[in-house]
Amino acid sequence: MFCVRRRPALLLKTVKVLPQAVEYCVKGGDNTKMKEKFLEFLSEYDDIDRKIELFWSLHEKNIKKFYLENKKADDIIISASPEFLLEPMCKKLGVTLIGTLADKKTGKITGLNCRREEKVKRLCEYMNGNLPKIERFYSDSLSDTPLARLAEKAYMVKGEKITDWKIEK
């Protein structure tokens, strides 16, 4: 929406995502294909890095206050979002980022979509093949249950509300 507000013609590109989104929702289609289709609009920009910087300059204020007050140098943000979208803010925060690898000019995913069990696999790779020790884990998505199971303490975040993650380990 950030890009569509600045270039309304991109709305036509987002309409092309609908068939893939319907297939994903109804038939359990391929999330990676849907994400690539969604990211195709990036090819419309020759200044994508500047757009990403502009986005973060306007949205940095949305980073949760509780996180900023509790952030540690060894924090790792693991996201299904393409790394190039989160990288500028993660660098500013001084934290490690693990995300979906994608070409920022085409939106083509160059590895596996970093979601569900793939997040655990990628975190283990980052930890040199070791199963990581996670003290505290925060997420807003039940799809992150594989990571939550590894945590000593896991929390579900919905807006400003943080609750204990109730899962069977």
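Is it true that E69 is at pLDDT 95 or above and open to solvent by 50 Å² or more (accessible area, probe 1.4 Å)?
Criteria not met by E69.
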Item checked: E53 closer than 18 Å to G111 by Cα and part of a helix (DSSP H, G or I) -> no
Margin query: Condition first: open to solvent by less than 40 Å² (accessible area, probe 1.4 Å), more than 11 Å from the chain's Cα centre (by Cα) and of a type in the set (D, E, K, R). Now tell me which residues in the stretch 78-120 satisfy that.
Written below: E118
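Evaluate the following for K16: is it surrounded by fewer than 11 Cβ atoms within 10 Å (Cβ to Cβ) and charged (D, E, K, R)? Let's see the steps before the verdict.
Numbers: surrounded by fewer than 11 Cβ atoms within 10 Å (Cβ to Cβ): no; charged (D, E, K, R): yes.
No; evaluated as a whole, the condition is false for this residue.
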Note to self: Just checking, does the stretch 39-50 include any residue being crowded, with 18+ Cβ neighbours inside 10 Å and in contact with a Pro (Cβ under 8 Å, 6 or more places away or on another chain)?
What the structure shows: yes
Check: Taking I167 and the conditions (1) at pLDDT 95 or above; (2) within 27 Å of M34 (Cβ to Cβ); (3) aliphatic (A, V, I, L, M), which numbered condition does it fall short on, given that it satisfies the others?
Finding: (1)
Check: Restricting the search to the stretch 121-169, which residues are under 26 Å from K65 (Cα atoms), surrounded by 12 or more Cβ atoms within 10 Å (Cβ to Cβ) and aliphatic (A, V, I, L, M)?
Finding: L123, I134, L147, A148, L150, A151, A154, M156, V157, I162, I167
Checklist line | Only one of K92, K105 that is under 28 Å from E69 (Cβ atoms) and of a type in the set (K, R) | finding: K92
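The values are calculated or read from the model by the stated rules, or taken from the named source; none is laboratory data. Since this is a predicted model, take the numbers as computed values, not measurements. Note: ideal-geometry Cβ built from the backbone for every residue, glycine included; neighbour counts use all protein chains shown. These area figures cover heavy atoms from the full protein model, side chains too; ligands, DNA and RNA do not enter into them. Shrake-Rupley method; radii C 1.70, N 1.55, O 1.52, S 1.80 Å.
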